[in-house]
Amino acid sequence: MTVLHRTGTRLFVCVAALAAFAALALAPAAGANGVGSTYLALGDSLAYGYHQAQFQNELKEKGFVNPANFNDGYVDDFGATLKLANPKLKIVNDGCPGETTETMIKGSGPYGPEYCAGGPTGSPFPKAFLHHSYPGTQLEDALAIAKEPGVNTITLDIGANDILQFLSHTCGFPATFTCSPEQIEAELGHVTANVGYILSQLRAAAPKAKIVFVSQYNPYPTVLKPEGTGDATVEALNSALKSVAATYGVGFANTARVINFSGTHGGPEAGDIPTVCAFTAMCPGGVFNPASPEADIHPTKAGYAAMAGVLGVTYLSH
């Protein structure tokens with residue numbers, strides 16, 4: 001067993017214990033504060049519980065995708081814990097794979113109302129495949145639901161696809177990286193401003209709800225050069241988003257602190273690879289290989305459970 005593997009295994013055990021502790025503690029604490037009758041989950045593919053291989057196989061074999069089969073995401077795990085406090089809790093999952101801050105606010109652009117995500121450079125996602133379909137934009141649906149009585153718990157993850165599209169279409173990533181620090185700073189500022197707008201609208205619609213933002217992480221450790229750039233960029237965005245979240249009384253669950261454990265705790269970014277392999281599908285065959293068509297930036301089942309653990313701890317402390 002390699003040192004990296006042992007490190008990843010130990011951290012996995014620690015995170016599993018953290019998630020279990022959160023589950024045990026969350027039920028009475030959440031019950032005391034009132035989880036409400038509805039948990040509203042918002043965001044992109046992470047909220048959806050997306051797995052690339054599963055989605056592609058189901059679409060190829062059946063010609064359609066049953067969203068009910070994507071049932072091990074962080075929303076499912078966190079929601080199951082909330083149900084310990086309220087077994088009748090309704091979970092509304094509006095997560096749309098590919099959604100950006102722009103499309104969440106403005107819709108899919110030229111693709112029409114049957115799709116979410118999309119926009120100028122993204123891929124549209126059929127609303128027929130969503131856990132909870134809606135006629136307009138995700139934000140419009142979220143605000144309508146957030147105003148309903150009993151919506152006491154709201155989570156949101158958004159912004160990762162903005163960054164990924166920016167890196168691909170503006171910077172030439174992953175083949176190269178041509179963006180200047182000024183361009184990166186401007187993009188991070190744009191995403192942060194959009195998240196601020198979304199959170200301000202949610203807070204106005206649900207002034208008493210407990211809202212938690214679920215952060216970005218870096219699925220490409222060591223790929224951006226010089227090494228350390230990837231984690232540093234993600235943490236810069238997370239720092240800005242945490243500040244915006246605090247403005248609106250929103251908690252901030254920083255998943256990068258687990259998935260990118262080494263680079264976010266003062267270690268080398270290369271040390272992230274064991275945890276990235278444990279918690280995402282970036283390591284087909286057990287080897288970190290971002291160039292592989294089988295590599296998937298999305299969490300594994302264990303990764304989603306780890307995210308739910310971080311979310312649960314944040315929910316308890318917020």
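Before moving on, here are some points about what is shown:
- Estimated [θ] at 222 nm from DSSP helical runs (n ≥ 4, -39500 (n - 2.57)) normalised by residues in the chain, nearest 500: -15500 deg cm²/dmol
- Fluctuation leader among 259, 105, 211 - the chain, Gaussian network, Cα springs under 10 angstrom: 105
- Within the shell defined by Cβ-Cβ distances under 10 Å, the residues around residue 134 carry a net charge of -2, with Lys and Arg each +1 and Asp and Glu each -1.
- Cα-based shape type of the stretch 40-102, given that a ≥ b ≥ c are square roots of the gyration tensor eigenvalues and the cut on a/c is 1.5: oblate
- Near the amide H of residue 44, within less than 5 Å, lie the amide hydrogens of 96, 157, all on another chain or at least 5 residues away, with H placed in the peptide plane.
- Share antiparallel - DSSP beta bridges, the chain, percent rounded to 5: 25
- Potential extension, residue 257-residue 62 segment - 0.36 nm per residue separation minus Cα distance: 66.4 nm
- Model label points for residue 180 and residue 71, set 7 angstrom from Cα along the Cα-to-Cβ axis, are 5.3 nm apart.
- Shape of the stretch 112-256, Cα gyration tensor, a/c cut at 1.5: oblate
- Separation of the residue 37 and residue 292 label points, Cα + 7 Å toward Cβ, nm: 4.8
- Sequence-distant residues sharing a close amide H with residue 72 (under 5 Å, placed H): none
- Across all directions, the shadow cast by the convex hull of the chain built on its C-alpha atoms averages 15.5 square nanometres.
- Seen from residue 207, the other residues with C-beta closer than 15 Å to its C-beta sum to a net charge of +3, counting Lys and Arg as +1 and Asp and Glu as -1.
- Taking 129, 177, 261 in turn, the Gaussian network model of the chain (Cα-Cα springs below 10 Å) assigns the largest fluctuation to 177.
- Working ranking of peptides 227-240, 135-148 by packing, defined as the average number of other Cβ atoms within 10 Å per residue, highest first, is 227-240, 135-148.
- For residue 116, the residues whose modelled amide H falls within less than 5 Å of its own, excluding neighbours fewer than 5 places apart on the same chain, are 125, 127.
- Dipole magnitude of the stretch 34-128 about its Cα centre (Cβ charges: Lys, Arg +1; Asp, Glu -1), debye to nearest 20: 260
- Build a GNM of the chain with springs between Cα atoms under 10 Å apart, and of 272, 94, 296 the one that fluctuates most is 296.
- Only helices reaching 18 angstrom along their own axis (Cα) with mean Kyte-Doolittle hydropathy no lower than 1.0 count here, and for the DSSP H runs of the chain these are 3-33.
- Dipole moment magnitude, nearest 20 debye, the chain about Cα centre, only Lys, Arg, Asp, Glu C-beta charged: 920
- By accessible area, using a 1.4 Å probe on protein heavy atoms only, the stretch 66-149 has 55% of its surface on carbon and sulfur.
- At R0 = 25 Å, FRET efficiency that the Cβ-Cβ distance of residue 128 and residue 106 yields, to 0.05: 0.75
- Unit charges at the beta carbon, dipole of the stretch 157-289: most positive-side option, 197, 260, 176: 197
- Accessible solvent surface per residue of the chain, calculated while the other protein chains remain in place, 1.4 angstrom probe, Å²: 43
- Just the protein heavy atoms count here, and of the accessible area of the stretch 186-318 at 1.4 Å, carbon and sulfur take up 60 percent.
The values are calculated or read from the model by the stated rules, or taken from the named source; none is laboratory data. Keep in mind it's a predicted model, so treat the numbers as computed, not measured. Cβ: placed from backbone, ideal geometry, glycine included. Neighbour counts: every protein chain shown. Accessible surface areas use protein heavy atoms only, side chains included; no ligands, DNA or RNA. Shrake-Rupley method; radii C 1.70, N 1.55, O 1.52, S 1.80 Å.
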